[in-house]
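The values are calculated or read from the model by the stated rules, or taken from the named source; none is laboratory data. Values in this document were obtained by computation on a predicted structure and should not be read as measured data. Note that we place each Cβ from the backbone using ideal geometry, even for glycine, and neighbour counts take in every protein chain shown.
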């Protein structure tokens, strides 16, 4: 996304899906610790193997809960992931992590390498390398570890674009990444999964020349992702309506070639309004379902017209909303882990938590 545009950011019924009955039955006679471990392992296996989606959720803490509930109601199901942006002024958003975890939603934290109060600090990577961010990273790592939740940490996203203060500086970026990673490692924050999230390539750029140089190495990366958008025909003279394939395919092919052992996500995606938006969404879902290598996508679900961008929301028009909602309900197998059971129902079912829920 262009640097000039800042990204701000009840269970109704309980049903155990047929495919989970053998798992649950096998857990009933085990000791509580064994049962919890087995259930967690089975749940994680489903998350790892299944197609799943997430949404970007507005960052304002005071309205986060109501906003996320509103998104779930619009979707007709719960996302597996929710994305939240943080910067140096904010610290670790433990309340957001806790709120998401209660609903079995995993949090993707997008780390902006600057302070909201000091925008456009184009020397930020020098500051990190000089150790002036060490205290922030160490506190963040300690609180992340204490959360006991799996957190996907999208450090310095879109680093290959010139719209970021930390952009287009591959040598400094990789060194800053490694410095931060080592601090998290020292603090034993192994529950933090590091997400390398580049922007899709454009014009005559290539993955080899314009993404690979920013990659810090397999040891330091858990997930590889891409951000990409169809800006449509009316945003600016530099943009035109592009299909999903036009936006993403060359970049996806390149990441598969250069990082074949890493889970591959689409970490940000959106489509501008227009008469072809519903079909664009349907086309994207067809590609996503067919591509065995792309496991997760995160839809940037915000109307950014106030900031000079398109309306990215999936429900910006009725047809688009129906396409997205239908896919989410039909294909999101993690729906069954959307919200936690209350204590009484958990005890009655023999489950520790995370009972299967339909919204």
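A few points about this structure:
Every residue, every condition in (1) surrounded by fewer than 19 Cβ atoms within 10 Å (Cβ to Cβ); (2) at pLDDT 95 or above; (3) assigned by TED's automatic domain parsing to the domain that holds residue 180; (4) not in a helix (DSSP H, G or I), yes or no:
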residue	(1), (2), (3), (4)
209	yes, yes, yes, no
226	no, yes, yes, yes
235	yes, no, yes, yes
241	yes, no, yes, yes
245	yes, yes, yes, no
249	yes, yes, yes, no
256	yes, yes, yes, no
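- When 86, 124 are checked against the criterion of being in the same structural domain as residue 183 (by TED's automatic domain parsing), touching a strand residue (DSSP E or B) at 6+ places or on another chain (Cβ under 6 Å) and modelled with pLDDT of 90 or more, 86 stands alone in meeting it.
- Residue count, the range 107-125 (criterion: buried (at least 19 other Cβ atoms within 10 Å of the Cβ) and either in contact with a helix residue (DSSP H, G or I) (Cβ under 7 Å, 6 or more places away or on another chain) or over 24 Å from residue 225 (Cα atoms) (or both)): 4
- The residues of the range 258-291 that are under 23 Å from residue 209 (Cα atoms) and assigned to a loop (DSSP other than H, G, I, E, B), listed by number, are 259, 260, 261, 262, 263.
- Every listed requirement among (1) over 15 Å from residue 89 (Cβ atoms); (2) part of a loop (DSSP other than H, G, I, E, B) is met by residue 153 save one, (2).
- If you go through the range 91-106 and keep only what is crowded, with 19+ Cβ neighbours inside 10 Å and part of a loop (DSSP other than H, G, I, E, B), you end up with 92, 93, 103, 104, 105.
- Residue in the range 35-52 that is surrounded by 21 or more Cβ atoms within 10 Å (Cβ to Cβ) and at pLDDT 80 or above present: yes
- Scanning the range 265-287 for residues that are closer than 13 Å to residue 228 by Cβ and crowded, with 20+ Cβ neighbours inside 10 Å yields a total of 10.
- Meets criteria (over 27 Å from residue 257 (Cβ atoms) and in the same structural domain as residue 93 (by TED's automatic domain parsing)) for residue 139: yes
- Filter pass, residue 315 being surrounded by fewer than 19 Cβ atoms within 10 Å (Cβ to Cβ), under 22 Å from the mean Cα position of the chain (by Cα), modelled with pLDDT of 90 or more and more than 20 Å from residue 226 (Cα to Cα): yes
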